[in-house]
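Notes for the one structure printed next.
Bear in mind that the values in this text are calculations on the coordinates, not laboratory data. Everything numeric here is computed off the predicted structure, so don't read it as measured data. Here the Cβ positions follow ideal geometry from the backbone for every residue, glycine too, while neighbour counts run over all protein chains shown.
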Amino acid sequence: MTVEVIVFVVFAVAALGGAVVTVGARNPVHSALGLVTTMFSIAVFYVMNGAHFVAAIQVLIYAGAVMTLFLFVIMLIGVDRAIDRSESIPLQRPLAIVLGVGLLALVYVAARAAWVTGVGTGPDVPGTIENVSEQLFDAWLIPFEATILLLTIAAVGTVAMAQFLATPVLASTSGDEPEAETGEPAEAGEKA
């Protein structure tokens with residue numbers, strides 16, 4: 001087997017594992033980290049196919065900016081239960097270190113084998129900056145701008161919803177109907 005097949009198999013397993021963690025994890029932060037793993041693995045597939053610009057955009061935009069936004073939203077919403085911080089897997093930390101070093105070694109091998117520097121005189125590859133920008137700013141300009149507007153509205157709406165303060169409702173002493181807390185002193189004729 002060649003190095004490219006080995007790298008493909010390893011990152012295919014990583015992408016599928018990240019997808020399973022994204023869907024199956026109970027903790028939303030773990031789900032976000034699983035999605036980052038899947039996005040990074042997809043970027044490696046782009047590199048293997050010669051679409052280096054698309055791979056860089058995949059890492060910068062999706063694995064970087066979008067996932068940072070997701071994590072900020074998760075932190076704004078908050079987690080409503082305590083997290084068990086005990087390590088249930090024996091030797092979890094050493095295993096994570098070994099797997100992390102192995103992943104970095106695979107990334108190094110993939111980058112060394114696939115990245116091409118300098119001006120190329122070869123065939124026109126669909127993932128180059130020139131081809132992507134030509135399609136993006138010619139045929140797809142209106143959908144691109146509409147997507148930017150939609151994402152901006154979503155980000156502003158998320159921040160606005162996170163800062164929205166609902167009026168707290170207090171239970172009345174008679175048990176009939178809850179009263180809203182207004183912060184004003186009760187009048188002389190009302191029950192306090």
Quick shape check on the stretch 10-85: root eigenvalues a ≥ b ≥ c of the Cα gyration tensor, a/c under 1.5 is rounded, otherwise prolate if a/b tops b/c, else oblate, and it reads oblate
Whole-Hz couplings from phi, Karplus 6.51/-1.76/1.60, listed for the stretch 11-24; x for Gly and Pro: 6, 5, 5, 5, 5, 5, x, x, 5, 5, 5, 4, 7, x
Determine, for each peptide in 99-105, 53-59, the mean count of other beta carbons within 10 angstrom over its residues, then list the peptides with the highest first. 53-59, 99-105
Leu99 to Leu76: FRET efficiency via 1/(1 + (r/R0)^6), r the Cβ-Cβ distance, R0 35 Å, to the nearest 0.05? 0.65
Contour minus Cα-Cα span, Phe144 to Ala160, at 0.36 nm per residue, comes to 3.3 nm
Say R0 is 30 Å: what FRET efficiency, to the nearest 0.05, do Val23 and Leu91 get from their beta-carbon distance? 0.70
How much net charge surrounds Asp138 when only other residues with a Cβ under 15 Å from its Cβ are counted (Lys, Arg +1; Asp, Glu -1)? -3
From the phi angles alone, apply the Karplus equation (6.51, -1.76, 1.60; θ = phi - 60°) to the stretch 139-144 and give each ³J(HN,Hα) in whole Hz, x where the residue is Gly or Pro. 7, 10, 5, 5, x, 5
